[in-house]
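Asker: Take this structure first; my questions come after.
The values are calculated or read from the model by the stated rules, or taken from the named source; none is laboratory data. Quick caveat, the model's predicted, so the values are computed rather than measured. FYI the Cβ positions are ideal-geometry reconstructions off the backbone, even for glycines, and counts take in every protein chain you see.
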Amino acid sequence: MLRKRKRAAVSIAANIAEGHRREHFGDYLHHLSIANGSLMELETHILIAQRLDYVGAVDVEPLLDRASEMSRMLTGLTKKLRSRQTST
């Protein structure tokens with residue numbers, strides 16, 4: 001399960017970077033959506049690890065807080081980019 005969590009975590013940053021370097025704006029938005037999906041996958045792995053008693057609640061809470069913050073950041077970036085797209 002640790003490998004899956006690492007893969008999901010790396011996928012978040014990798015998709016943001018890959019989308020940013022794409023020539024088409026729609027590709028960037030698409031990769032941000034994929035990054036958000038990977039973030040949700042990571043949250044799920046964290047919750048499963050807690051339910052299986054691999055980690056305690058004291059360790060999980062800060063991770064979920066960071067994931068929530070990252071989700072807000074991705075949502076904000078996506079909204080900002082979409083508003084720029086419609087204003088041009």
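Asker: Considering only residues of region 17-42 that are crowded, with 18+ Cβ neighbours inside 10 Å and under 9 Å from the mean Cα position of the chain (by Cα), which is nearest to Leu81 (Cα to Cα)?
Answerer: Applying the filter and picking the extreme gives Leu32.
Asker: So which of Arg84, Arg51, Arg72 is under 13 Å from the mean Cα position of the chain (by Cα) and loosely packed, with under 12 Cβ neighbours inside 10 Å?
Answerer: Going through Arg84, Arg51, Arg72 in turn, just one is under 13 Å from the mean Cα position of the chain (by Cα) and loosely packed, with under 12 Cβ neighbours inside 10 Å: Arg72.
Asker: So the check is Cβ under 8 Å with 6+ separation or different chains; which pairs have a first residue in region 33-46 that's touching a residue at least 40 places away in the same chain (Cβ under 8 Å) and within 15 Å of Ile16 (Cβ to Cβ) and a second one that's buried (at least 17 other Cβ atoms within 10 Å of the Cβ) and among the basic types (Lys, Arg)?
Answerer: Listed pairs, sorted by first residue: none to list.
Asker: Which one is modelled with the highest pLDDT among residues in region 4-14 that are under 10 Å from Ser38 (Cα atoms) and over 9 Å from the mean Cα position of the chain (by Cα)?
Answerer: Only one residue tops the list, namely Val10.
Asker: To continue, here is another question. Mind telling me which of the residues Ala13, Ala57, Ala49 ends up being of a type in the set (Gly, Ala, Ser) and touching a residue at least 24 places away in the same chain (Cβ under 8 Å)?
Answerer: Ala49
Asker: Could you please find all residues in region 70-88 being touching a Phe, Trp or Tyr at 6+ places or on another chain (Cβ under 9 Å) and aliphatic (A, V, I, L, M)?
Answerer: Correct list: Leu81 only.
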